[in-house]
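Below: one structure, written as structure tokens.
The values are calculated or read from the model by the stated rules, or taken from the named source; none is laboratory data. These numbers were taken from a predicted model, which means no experiment stands behind them. Ideal geometry is used to build each Cβ from the backbone, glycine not excepted, and the neighbour counts take in all protein chains shown. In case anyone asks, the SASA skips ligands and DNA or RNA and just uses the protein heavy atoms, side chains included. Shrake-Rupley method; radii C 1.70, N 1.55, O 1.52, S 1.80 Å.
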Amino acid sequence: MQLFYNSTIKESDTLFVFDKEESKHIIKVLRKKESDILYVTNGLGYLFTTQIALASDSKCTIKINSFEKQELPKFQLHLAVAPTKMNERYEWFLEKATEIGIQEITPIICEHSERKIIKIDRFQKIIESAMKQSLHYFLPKLNEPILYKDFIKKEFGKQKFIAHCEETDKKSLKKELKSNEDAIILIGPEGDFSVKEIQLALDNKFIPVSLGNTRLRTETAAVVACHSVVYANE
């Protein structure tokens with residue numbers, strides 16, 4: 001099944017018109033014709049089964065035949081991950097985390113962050129593409145970048161973790177996780193969190209955790225953390 005995405009399609013629609021760019025892609029690139037079936041999601045859990053009513057490369061029009069709504073997961077996973085020096089690595093994390101099943105992502109700017117300017121529009125497109133490829137109907141929320149010291153003061157749920165590389169007393173993330181409960185996990189930059197940042201997390205009731213016995217890159221650690229939470233909730 002090929003999945004299309006448009007955030008503005010809704011369950012009350014009977015007809016829907018794609019914009020010029022998407023229409024051209026559907027008709028000219030994919031060579032879709034009138035009466036062809038298209039599956040569309042709005043990223044809010046809905047899957048629309050539609051049929052092309054007008055095969056125009058400037059305003060492809062579809063008729064909505066039916067729709068179904070996927071239930072929200074019983075848990076919400078929020079990863080706050082420092083940007084990597086190479087954009088490609090962060091994009092890889094975004095893609096894989098979306099495929100696995102994340103709900104929210106926040107880029108956090110830390111003391112040791114080498115990259116502090118983020119192309120949020122590019123990241124959004126990566127997430128949308130991964131959602132379609134993996135046939136998810138919920139689009140993960142991508143927040144604007146924020147300074148770590150400001151982010152850490154926000155209110156979160158009960159399961160709050162920070163994964164760092166300091167040789168201190170840490171618990172296993174897999175053993176600490178509780179199913180069907182929201183979780184937020186902090187992942188630091190290539191140079192790790194500073195001692196001050198770790199202490200700030202502890203002061204705000206974050207639990208220090210280990211993701212395994214090896215030292216992981218930022219993007220790898222984030223994907224491992226994502227998989228651990230999803231696996232614990234299966």
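Numbers at a glance
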item: Highest average packing first - 163-172, 95-104, Cβ atoms within 10 Å; result: 95-104, 163-172
item: Interchain or long-range residues, amide H under 5 Å from Ile109's placed H; result: Ile146, Leu147, Tyr148
item: For the stretch 15-27, Karplus couplings with θ = phi - 60° (6.51, -1.76, 1.60), whole Hz, Gly/Pro x; result: 10, 9, 10, 6, 6, 4, 5, 5, 4, 4, 5, 5, 8
item: Surface per residue (accessible, 1.4 Å probe) for the stretch 29-85, Å²; result: 51
item: Rounded to whole Hz, the Karplus (6.51, -1.76, 1.60) HN-Hα couplings of the stretch 58-75, x for glycine and proline; result: 10, 7, 4, 10, 10, 9, 8, 8, 6, 8, 9, 10, 7, 6, 5, x, 6, 9
item: Full-extension gain in nm, Arg31 to Arg217, via 0.36 nm per residue minus C-alpha separation; result: 62.8 nm
item: Heavy atoms of Arg89: accessible area, 1.4 Å probe, square angstrom to 10; result: 80
item: Candidate aspartates and glutamates for bridging to Lys175, where Cα separation is under 16 Å - those fewer than 8 sequence places away on the same chain excluded; result: Glu234
item: Relative contact order (percent, whole number), the chain, Cα cutoff 8 Å, 6+ residue spacing; result: 20
item: Mean separation of Cα contacts under 8 Å, 6 or more apart, over the residue count of the stretch 102-234: relative contact order %; result: 30
item: Label-point separation in nm, Tyr231 to Leu44, each point 7 Å along Cα→Cβ; result: 3.5
item: The stretch 174-234: C-alpha gyration tensor shape, a/c 1.5 cut-off, then a/b vs b/c; result: oblate
item: Evaluated at q = 0.20 Å⁻¹: base-10 log I(q)/I(0), Debye formula over Cα of the stretch 122-186; result: -1.08
item: Amide H within-cut-off set for Leu44, under 5 Å, with H built and near neighbours excluded; result: Leu139
item: Helix-only CD estimate at 222 nm, as mean residue ellipticity for the chain, using -39500 (n - 2.57) per DSSP H run (n ≥ 4); result: -8000 deg cm²/dmol
item: Size of charge dipole - the chain - debye, nearest 20, with Cβ of Lys, Arg +1 and Asp, Glu -1, no other charges; result: 180
item: Spacing of the two label points (7 Å from each Cα toward its C-beta) at Arg122 and Thr168, in nm; result: 3.4
item: Amide proton proximity set for Lys85, modelled H, under 5 Å, gap of 5+; result: Glu190
